[in-house]
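Before any comments, here is the structure.
The values are calculated or read from the model by the stated rules, or taken from the named source; none is laboratory data. From a predicted model like this one, the values you see are computed outputs, not experimental measurements. We place every Cβ from the backbone using ideal geometry, glycine too, and count neighbours over all the protein chains shown.
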Amino acid sequence: MLIDSHAHLDAAEFDADRDVVIARARAAGVAAQVIPAIALAGFAKLQGLCAARAGSHSGLYPAYGLHPMYLAEHRPDHIDQLRTWIERERPVAVGECGLDFFVDGLDPDLQRDYFRRQLELARDFDLPLILHARKAVDEIVATIRKMGPLRGVVHSFSGSVEQAQQLWKLGFCIGIGGPVTYERARRLREIVASMPIQFLLLETDAPDQPLSGHRGERNEPARLREVAETIAALRNESVDAVATATSLNATRLFGLHGD
C-alpha cells in the first residue's frame, strides 16, 4: 500500500477524468491521497470531493489552508473562515500553507502574517501542518521553533541536509516526489538515500511536478509507485519496505483511518 501525502486532485486539470485517475491510482497500489487546499474559494469543491470517500472515492482526505503563492486571493477574514471550516470539517491537516520567497511580487510580510496565523490554528486544533517552503526553509524552521510544539511535513523538500536535520529534530517529515526521479537532483537523492525513514513521506503534488520520463505531462497519483521505486533503489531497500514505512508515517502523522 502506498499513500500519496500531497496531491491536488481537486484541481481543474482532473475535472474531465477524476474518477479514472483515482481508479488508476488504486490499481497502482495507491490506497489514499491527502488533498490540501490552496485558497478559500476552493474549500467547498474539495469538501465535496472528499465527502464521497465512503463510496467510489474511498481514501481521499482533505486539508484546508491558504497557500502563499495565492496571496492575492486571500483576505484577513479568510483566517476566521478557515478556523470555522477546520472546526466543522475536522480535516487531517492545516495546509497547504507556508512561505515562498522564490516567486516575485509576493509580499513577504503579508505571507508571514498568514503563515503565523495558520500555525496558531494548527496548534489550537492539534493538527499537523502541510508546509510549502521555497527559498524559505530557514525562516520556517525558526518560526516553528518560536511557535512550537507543532508537527507536520515540508512538502516537495528541496533544501540541504542540514535543513532537513533541523526539521527532523522538530519532529517534521519531508515530502518527496517527482524531483527525486531526476538524476541531476543529486543533493536531494543523497538526502533520501541516507535519511531516517521515519521522517519520509511520499507525494506526487499532482497535477504538478511530473516525473523523469514524463516531462510535460500531467502528473497523477498512480505515478507514486515510480517515486517509491526510485527511493527504494537509492536506499538499497525493497519497494515494499519503503511503501510500508512511508504509509505508516503518513497514517501516524495525519491520523488516517481505513474506510
| query | Within segment 24-75, which residues are hydrophobic (A, V, I, L, M, F, W, C), modelled with pLDDT of 95 or more and loosely packed, with under 15 Cβ neighbours inside 10 Å? | reply | ALA27, ALA41, ALA44, ALA72
| request: Could you tell me which of the residues LEU121, LEU127, LEU170 is at pLDDT 95 or above and within 17 Å of the chain's Cα centre (by Cα)? | output: LEU127
| task | Answer with yes or no whether ASP109 is among the charged types (D, E, K, R), surrounded by fewer than 17 Cβ atoms within 10 Å (Cβ to Cβ) and within 18 Å of PRO36 (Cα to Cα). | result | no
| note | Taking segment 1-24 and the residues there that are hydrophobic (A, V, I, L, M, F, W, C) and either assigned to a strand (DSSP E or B) or in contact with a Ser or Thr (Cβ under 9 Å, 6 or more places away or on another chain) (or both), the one that is nearest to PRO76 (Cα to Cα) would be ALA7
| request: Just one of (1) buried (at least 21 other Cβ atoms within 10 Å of the Cβ); (2) touching a Leu at 6+ places or on another chain (Cβ under 9 Å); (3) acidic (Asp, Glu) trips up ASP205, so point out which. | output: (2)
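Conditions (1) free of Cβ contacts under 8 Å to residues at least 60 places away in the same chain; (2) touching a helix residue (DSSP H, G or I) at 6+ places or on another chain (Cβ under 8 Å); (3) aliphatic (A, V, I, L, M); (4) not in a helix (DSSP H, G or I), marked per residue:
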| residue | (1), (2), (3), (4) |
| --- | --- |
| GLU162 | yes, no, no, no |
| ALA206 | no, yes, yes, yes |
| LEU211 | yes, yes, yes, yes |
| THR251 | no, no, no, no |
| Residue that is buried (at least 20 other Cβ atoms within 10 Å of the Cβ) and not aromatic (Phe, Trp, Tyr), where the choices are GLY159, GLY255 | GLY159
| said: Please determine whether any residue of segment 172-186 is more than 28 Å from LEU121 (Cα to Cα), in contact with a Ser or Thr (Cβ under 8 Å, 6 or more places away or on another chain), surrounded by fewer than 16 Cβ atoms within 10 Å (Cβ to Cβ) and free of Cβ contacts under 8 Å to residues at least 60 places away in the same chain. | reply: yes
| task | Could you please let me know if GLU96 is surrounded by 14 or more Cβ atoms within 10 Å (Cβ to Cβ), within 21 Å of ASN249 (Cα to Cα) and either touching a helix residue (DSSP H, G or I) at 6+ places or on another chain (Cβ under 6 Å) or modelled with pLDDT of 95 or more (or both)? | result | yes
| task | Keeping to segment 214-229, report how many residues are crowded, with 23+ Cβ neighbours inside 10 Å, part of a helix (DSSP H, G or I) and not hydrophobic (A, V, I, L, M, F, W, C). | result | 2
| Just checking, how many residues over segment 23-50 are without any contact (Cβ under 8 Å) to a residue 60 or more places away in the chain and touching a strand residue (DSSP E or B) at 6+ places or on another chain (Cβ under 8 Å)? | 8
| field | Options ILE130, ILE144: the member that is among the aliphatic types (A, V, I, L, M), touching a residue at least 60 places away in the same chain (Cβ under 8 Å) and more than 21 Å from GLY29 (Cβ to Cβ) | value | ILE130
| field | Number of the exception - GLU237 against (1) over 26 Å from LEU127 (Cβ atoms); (2) surrounded by 21 or more Cβ atoms within 10 Å (Cβ to Cβ) | value | (2)
| field | Residue pairs meeting the criteria (Cβ under 7 Å; at least 6 apart or on separate chains; first without any contact (Cβ under 8 Å) to a residue 12 or more places away in the chain, in segment 219-244; second outside any helix (DSSP H, G or I) and surrounded by fewer than 18 Cβ atoms within 10 Å (Cβ to Cβ)) | value | ALA232/SER238
